[in-house]
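We did not get these values from a lab; they are worked out from the coordinates using the rules stated. Bear in mind the structure is a predicted one, so any value in this text is a computation, not a measurement. Cβ coordinates were reconstructed from backbone atoms using ideal geometry, including for glycine residues, and neighbour counts include every protein chain displayed.
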Amino acid sequence: MARIVPADRAVDEALAELRKGGIVALPTETVYGLAADATNGLAVARIFEAKRRPSFNPLIAHVSDFSMAARIAVLDPISARIAEHFWPGPLTIVVGKTPDCEVHDLVTAGLETIAVRMPRGIARELAARLTRPLAIPSANPSGRLSPTTAEAVDAALGDRVPLIIDGGPADVGIESTICRVEAGELTILRPGGVPAEQIEAVTGLTARAPAEDAGIAAPGMLTSHYAPASALRMDVTEVRKGEALLAFGPERARHAGRAIVVLNLSESGDLPEAASNLYAHLHALDAAGAGTIAVEPVPFTGLGIAINDRLGRAAAPRDDNIHDDAQDVRS
Ligand code: TXA
Ligand code: MG
């Protein structure tokens with residue numbers, strides 16, 4: 001069973017675990033992650049094993065500073081500008097690897113590109129103390145909801161990780177935005193903690209969604225993803241008997257009284273607050289066992305884009321056997 005240790009007392013033990021090639025569950029400002037030394041193939045393999053994640057699904061390399069980033073990634077001028085503006089923070093950039101990139105091929109799944117992010121908090125501190133990048137996917141079994149608390153990590157993966165660092169509820173509550181700049185074009189591979197319009201403002205470029213035929217630009221883009229066990233019904237204006245209700249804002253859908261349980265992402269309609277509550281509320285409504293979670297409309301602006309993206313994937317029809325399938329490509 002995992003030991004849960006408060007962040008201020010966990011650094012030395014976590015560092016020792018990482019140095020010997022172990023894995024550690026820890027908070028980042030976006031969601032909780034499972035960390036390993038990104039240069040150690042065996043350590044990274046333990047992440048895939050714990051998550052039951054297929055090895056061809058690449059991971060994000062988390063760095064402590066710009067010089068560590070420059071060791072592993074070639075930042076073109078526009079990507080560098082984005083990094084300088086949003087790091088440390090909930091923003092991941094996909095760029096070319098350096099020729100002598102020390103990050104193990106398991107992390108990049110053999111791609112020529114690498115996803116890099118400088119996180120805030122203890123993850124950054126550990127990368128700095130280790131003097132190496134950390135591979136950190138979200139700390140959920142492949143295809144399931146990302147955890148935003150140490151307790152949620154414990155419930156999902158507690159039997160597969162020795163140490164969970166508890167830093168309280170994650171700040172942002174939704175994964176990092178993943179972007180890529182290629183030939184002067186900006187693509188958002190995964191909407192996330194930094195709204196696309198902020199990246200547009202910094203670069204002067206118009207963000208594009210990935211092309212339909214982009215293949216696995218980011219498996220997090222798989223249609224059914226971030227899935228709770230319950231079914232999800234989106235954009236509800238009327239609640240059906242026995243449903244759980246995920247509300248948003250001050251006004252309720254019709255017949256909200258029919259819901260067996262109601263949780264509000266943000267009473268005041270604040271999107272950052274809604275993002276920070278999203279996964280915890282989905283986990284809680286899931287646990288209520290309603291069978292279906294009805295979701296009130298969330299506006300498609302700012303962080304609402306990422307929230308709607310995750311809700312849409314959670315609502316997508318899926319094959320329930322897929323979670324045990326070695327061919328599953330989810331993160
Ligand atoms: O906020 C986050 O980014 C969290 C915290 C823990 O840092 N991490 C996270 O990692 O969400 P993960 O593994 O759950 O999702 C990483 C996504 C995957 O969808 C993966 O396909 C994509 O990043 N990715 C990684 N390397 C890539 C690459 N070279 N090109 C395109 N996509 C890549
Ligand atoms: Mg994930």
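What the table shows:
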{"read-out": "Segment 154-215: relative contact order as a whole-number percent, Cα under 8 Å and 6+ apart", "value": "24"}
{"read-out": "Approximate spin-label separation residue 111-residue 4, in nm, with each point projected 7 Å along Cα-to-Cβ", "value": "3.3"}
{"read-out": "Built amide H within the under 5 Å cut-off of residue 176, gap 5+", "value": "193"}
{"read-out": "GNM result for the chain, Cα springs below 10 Å: residue of 129, 120, 53 fluctuating most strongly", "value": "129"}
{"read-out": "Beta bridges by DSSP in segment 164-315, antiparallel share as percent, to the nearest 5", "value": "30"}
{"read-out": "Inter-centroid distance (Cα atoms) of segment 138-204 relative to segment 245-279, Å", "value": "22"}
{"read-out": "DSSP-defined beta bridges in segment 61-159 - what % are antiparallel, rounded to 5", "value": "80"}
{"read-out": "Relative packing of 234-246, 170-182, which averages over residues the other C-beta atoms within 10 Å, highest first", "value": "170-182, 234-246"}
{"read-out": "Length-normalised contact order of the chain in % [C-alpha pairs under 8 Å, at least 6 apart]", "value": "21"}
{"read-out": "For the chain, built as a Gaussian network whose Cα springs stay under 10 Å, the top-fluctuating residue of 17, 102, 84", "value": "84"}
{"read-out": "R0 of 22 Å, Cβ-Cβ distance residue 211-residue 316: FRET efficiency to nearest 0.05", "value": "0.65"}
{"read-out": "Angle between the chain longest axis and helix 77-86 axis [Cα atoms, degrees, rounded to 10]", "value": "60"}
{"read-out": "Cβ-Cβ FRET estimate between residue 235 and residue 287, R0 fixed at 30 Å, reported to 0.05", "value": "0.80"}
{"read-out": "Hz values of 3J(HN,Hα) by residue in segment 112-123 - Karplus curve (6.51, -1.76, 1.60), Gly and Pro given as x", "value": "7, 9, 9, 9, 10, 8, 10, x, 8, x, 5, 5"}
{"read-out": "Share, in percent, of DSSP beta bridges within the chain that are antiparallel, nearest 5", "value": "45"}
{"read-out": "Per-residue [θ]222 nm for the chain (sum of -39500 (n - 2.57) over DSSP H runs n ≥ 4, rounded to 500)", "value": "-8500 deg cm²/dmol"}
{"read-out": "Exposure proxy ranking, count of Cβ atoms within 10 Å, fewest first, for 118, 1", "value": "1, 118"}
{"read-out": "Phi-based couplings in Hz for segment 90-96 (Karplus 6.51, -1.76, 1.60; Gly and Pro marked x)", "value": "x, 9, 10, 10, 9, 9, x"}
{"read-out": "Student exercise, the chain dipole from Lys, Arg, Asp, Glu Cβ charges, in Debye to nearest 20", "value": "380"}
{"read-out": "Choice from 299, 169, 137 showing the highest fluctuation, given a GNM over the chain with Cα pairs closer than 10 Å", "value": "299"}
{"read-out": "Karplus 3J(HN,Hα) series, Hz, for segment 261-276 with 6.51 cos²θ - 1.76 cosθ + 1.60 (x for Gly, Pro)", "value": "7, 10, 10, 9, 4, 6, 4, 8, x, 8, 5, x, 5, 5, 4, 5"}
{"read-out": "Cα gyration tensor shape for segment 41-122, rounded if a/c is under 1.5, else prolate or oblate", "value": "prolate"}
